[in-house]
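Peer 1: Pasting in a structure now, in structure tokens, and then I'll have a few things to ask.
The values are calculated or read from the model by the stated rules, or taken from the named source; none is laboratory data. Given the structure is predicted, the values throughout are model-derived calculations rather than measurements. A quick note on method: Cβ atoms are made from the backbone with ideal geometry, for glycine too, and the neighbour counts reach across all protein chains shown. In case anyone asks, the SASA skips ligands and DNA or RNA and just uses the protein heavy atoms, side chains included. Shrake-Rupley method; radii C 1.70, N 1.55, O 1.52, S 1.80 Å.
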Amino acid sequence: MPATRPPGQTGYESGVARASPPKITDLAGRRPLRYDAQVDSIRIVGGKRLEGTVPVSGAKNAALPLLCASLLSDGESTFRNVPDLRDIGTTALLLQHLGRTVDVATPVVSVRAGAAVVTEAPYELVRRMRASVLVLGPLVARYGRARVSLPGGCAIGDRPIDQHLKGLTAMGAEISLDHGYVDARVPGGKLRGADIHFDMVTVTGTENLMCAAALAKGRTTLTNAACEPEVEELGRVLNKMGASVEGAGTDTIVIEGRSELHPVDHAIIPDRIEAGTFMVAAAATGGDVLVDGVTLEHLKPVAQKLRQAGIGVEREGRGVRVIAKRPFIPTDVTTAPHPGFPTDMQAQFMVLMCLAEGRSVITEMIFENRFMHVSELNRMGAHIEVDGRSAAVHGAARLQGASVMATDLRASASLVIAGLVAEGETRVLRVYHIDRGYERIERKLAAIGADITRIKGEDPP
Ligand code: EPU
């Protein structure tokens, strides 16, 4: 992929040119959402203590289902506090492909329904972002049919969507799989409410079925539902759209279907994982940082583990102050669905444990392959041994700067934190993973004292 674009072409255009291209006219001329960042790298000179105040952006994993939920109504929905991320750009493209007019001027994104309706989400977009599957529930509920490319596996595991499909089938959809696509049709056009028990806790599965149930005929009860704050947020927004959703944020959600929903204007909750990442970064550098604009309630398990590791975490104003001084106490962590320790914070916490005085065990229970950061951390001088779902971390390591890369967003974030504490220079390659989920991470970290810069253009050889 070239590092520069021909004049007049947006990142969106270059990002989708190979597939049957979505209509992109509304986005043309707007500032591109970082498809141009694919070959950037981040350079960090370690050893700087982080100090100051860092702001938190809106939550990626809340914004994605909300943007997709806008498909449930006519009219124009407006979302505020939307982070400027690659995944938001991908979602905008997808919604445009589905016939919406999307105006992306982050932190404000508006989605307007038009006359043209497309119900197929193509592989070209779904492969960029698994969360594209979040259009399945809204499309089936609204139009009685959808054809959505199967997302397939990804770097962190197999990640099937059987629970999404089981739920939609229970609600009356007829589902077939052909040529890599899920084809869902509802005889009669209208889903009906059902009692659905998830075999395992799934965040986007819960979100898809909540959207589907919001326009179904009758009552749907979801049990063993995901309790994540982002699921709760979706319930809140569906209710603002005129739905009847009770219990979002608990493991039992009851939804009374409505015949129609209306558009919404909503400001998205802060990103608890971005906040948690800054908290760990501050701690690892022995810093004193106010992570501003967070809901500490959403970060309880992370705050609890940081405190156990000997780090000060206190609520302050609208944020949380982290004050840290070595030595850190080895602290075991096991990931679990909310309110357990989030899998999306596992890699970052592992870096902190590399610095702790002794041995800790980190166990990953959500995804089977979420230890890709381990070999890169070991290249930087960590001593981590993986055995199945657990990693034994032997501290205290003296990390050394190196060129590193990862194939997943949170793993990449952990390498940035490792770079902040390592001796000498670290180059984190494949920055496009970080750009999927962190808004201008290098600028935010530089503003609190990190020696960090984005190197535009080719990855170094
Ligand atoms: N699973 C199934 N069948 C299904 C659905 C899930 O077996 O039908 C399994 C998955 O393979 C996995 C587990 O259940 O082992 C949990 O997966 P889940 O469906 O909850 O994950 P997700 O909804 O695809 C969301 C976040 C992820 C986050 C996980 C877990 C979004 C857009 N993504 O993914 O975020 O790690 O929940 O909390 O909300 C990230 O932001 O870096 C990220 C990967």
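Peer 1: Divide, for the chain, the radius of gyration over alpha carbons by 2.2 N^0.38 Å, where N is the residue count.
Peer 2: Expressed relative to 2.2 N^0.38 Å, the Cα Rg reads 0.96.
Peer 1: Something else about it: I need the phi-derived Karplus couplings for the range 299-314: 6.51 cos²θ - 1.76 cosθ + 1.60, θ = phi - 60°, integer Hz, Gly and Pro marked x.
Peer 2: 10, 3, x, 6, 4, 4, 5, 5, 4, 4, 7, x, 9, x, 9, 10
Peer 1: Let me ask you something else. For the range 371-447, what number results from the quotient of the Cα radius of gyration and 2.2 N^0.38 Å?
Peer 2: Expressed relative to 2.2 N^0.38 Å, the Cα Rg reads 1.09.
Peer 1: For the range 80-239, which whole-number percentage of the solvent-accessible area (1.4 Å probe, protein heavy atoms only) is attributable to carbon and sulfur atoms?
Peer 2: About 50 percent, which is the carbon plus sulfur part of the accessible surface.
Peer 1: For every helix of n ≥ 4 consecutive DSSP H residues, a contribution of -39,500 (n - 2.57) applies; sum these over the chain, divide by its total residues, and give [θ] at 222 nm rounded to the nearest 500 deg cm²/dmol.
Peer 2: -8500 deg cm²/dmol
Peer 1: If you don't mind, there's one more thing I want to ask. With viscosity set to 1.306 mPa s at 10 °C, what whole-number translational diffusion coefficient in µm²/s follows for the range 188-283 from Stokes-Einstein and a Kirkwood radius over Cα pairs?
Peer 2: The diffusion coefficient I find is 113 µm²/s.
Peer 1: Further question on the same structure: Find the relative contact order for the range 54-204 and round it to a whole percent, using C-alpha pairs within less than 8 Å whose residues are 6+ positions apart.
Peer 2: 19 percent
Peer 1: Which distance in nm do the two modelled labels at residue 407 and residue 297 give, with both placed 7 Å along the Cα-to-Cβ direction?
Peer 2: It works out to 3.9 nm between the two label points.
Peer 1: Given H placed 1.01 Å from N in the peptide plane, which residues other than close sequence neighbours of residue 59 have an amide H under 5 Å from its amide H?
Peer 2: Result for residue 59 returns 269, 271.
Peer 1: Hand me the tally of lysine pairs in the chain: alpha carbons under 25 angstrom apart, and the pair either on different chains or 8 or more positions apart.
Peer 2: Summing the qualifying lysine pairs gives 21.
Peer 1: Here's something else I'd like to know. What is the dipole size for the chain, taken about its Cα centre, with +1 at each Lys and Arg Cβ and -1 at each Asp and Glu Cβ, in debye to the nearest 20?
Peer 2: Dipole size: approximately 540 debye.
Peer 1: Using only the alpha-carbon atoms, what does the range 34-112 span along each of its principal axes? Please give whole angstrom values in decreasing order.
Peer 2: Its Cα atoms span 52, 28, 18 Å along the three principal axes.
Peer 1: How tilted is helix 272-284 with respect to the longest principal axis of the chain? Cα atoms for both, answer in degrees (0 to 90, nearest 10).
Peer 2: Compared with the principal axis, the helix lies near 0 degrees.
Peer 1: Could I ask something else about it? Could you go through the range 411-426 in sequence order and give the Karplus-derived ³J(HN,Hα) for each residue, using 6.51 cos²θ - 1.76 cosθ + 1.60 with θ = phi - 60°, rounded to whole Hz, and x for Gly and Pro?
Peer 2: Couplings: 4, 5, 4, 5, 5, 5, 4, 4, x, 5, 9, 6, 6, x, 9, 10 Hz.
Peer 1: Counting only protein heavy atoms, what percent of the accessible surface of the range 245-344 is carbon or sulfur at a 1.4 Å probe?
Peer 2: 49 percent
Peer 1: Still on this structure, I have one more. Can you figure out the FRET efficiency of residue 262 with residue 316, using R₀ = 30 Å and their beta-carbon distance, to the nearest 0.05?
Peer 2: E(calc), rounded to 0.05, equals 0.20.
Peer 1: Over the range 168-246, what is the relative contact order in percent, taking alpha-carbon pairs closer than 8 angstrom and at least six residues apart?
Peer 2: 27 percent
Peer 1: Could I ask something else about it? Which value, in Å², gives the accessible area per residue of the chain when a 1.4 Å probe is used on the protein heavy atoms?
Peer 2: Value returned for the chain: 37 Å² of accessible area per residue.
Peer 1: Between residue 453 and residue 251, what is the spin-label point distance in nm, taking each point 7 Å from the Cα along the Cα→C-beta axis?
Peer 2: Roughly 5.2 nm, to one decimal.
Peer 1: Each residue of the range 119-127 in turn: what ³J(HN,Hα) in whole Hz from Karplus with 6.51, -1.76, 1.60 and θ = phi - 60°, glycine and Pro shown as x?
Peer 2: Here the 3J(HN,Hα) series is 10, 10, 9, x, 3, 4, 8, 5, 5 Hz.
Peer 1: Ignoring ligands, DNA and RNA, what percent of the 1.4 Å accessible area of the range 370-409 is carbon and sulfur?
Peer 2: 45 percent
Peer 1: Using only the alpha-carbon atoms, how far is helix 60-69 inclined from the longest principal axis of the chain? Give it as 0 to 90 degrees, nearest 10.
Peer 2: The angle comes out at about 10 degrees.
Peer 1: On to the next question. Taking 8 Å as the Cα distance limit and 6 or more residues as the minimum spacing, I'd like the relative contact order of the range 198-334 as a percentage.
Peer 2: About 18 percent, as a whole number.
Peer 1: Give the long-range amide H neighbours of residue 53: residues separated by 5 or more places, or on another chain, with amide H under 5 Å away, using H modelled in the peptide plane at 1.01 Å from N.
Peer 2: Distant-sequence amide H within range of residue 53: 290.
Peer 1: To continue, here is another question. If R0 is 22 Å, what FRET efficiency do you get for residue 169 and residue 200 from their C-beta distance, rounded to 0.05?
Peer 2: The calculated FRET efficiency here is 0.85.
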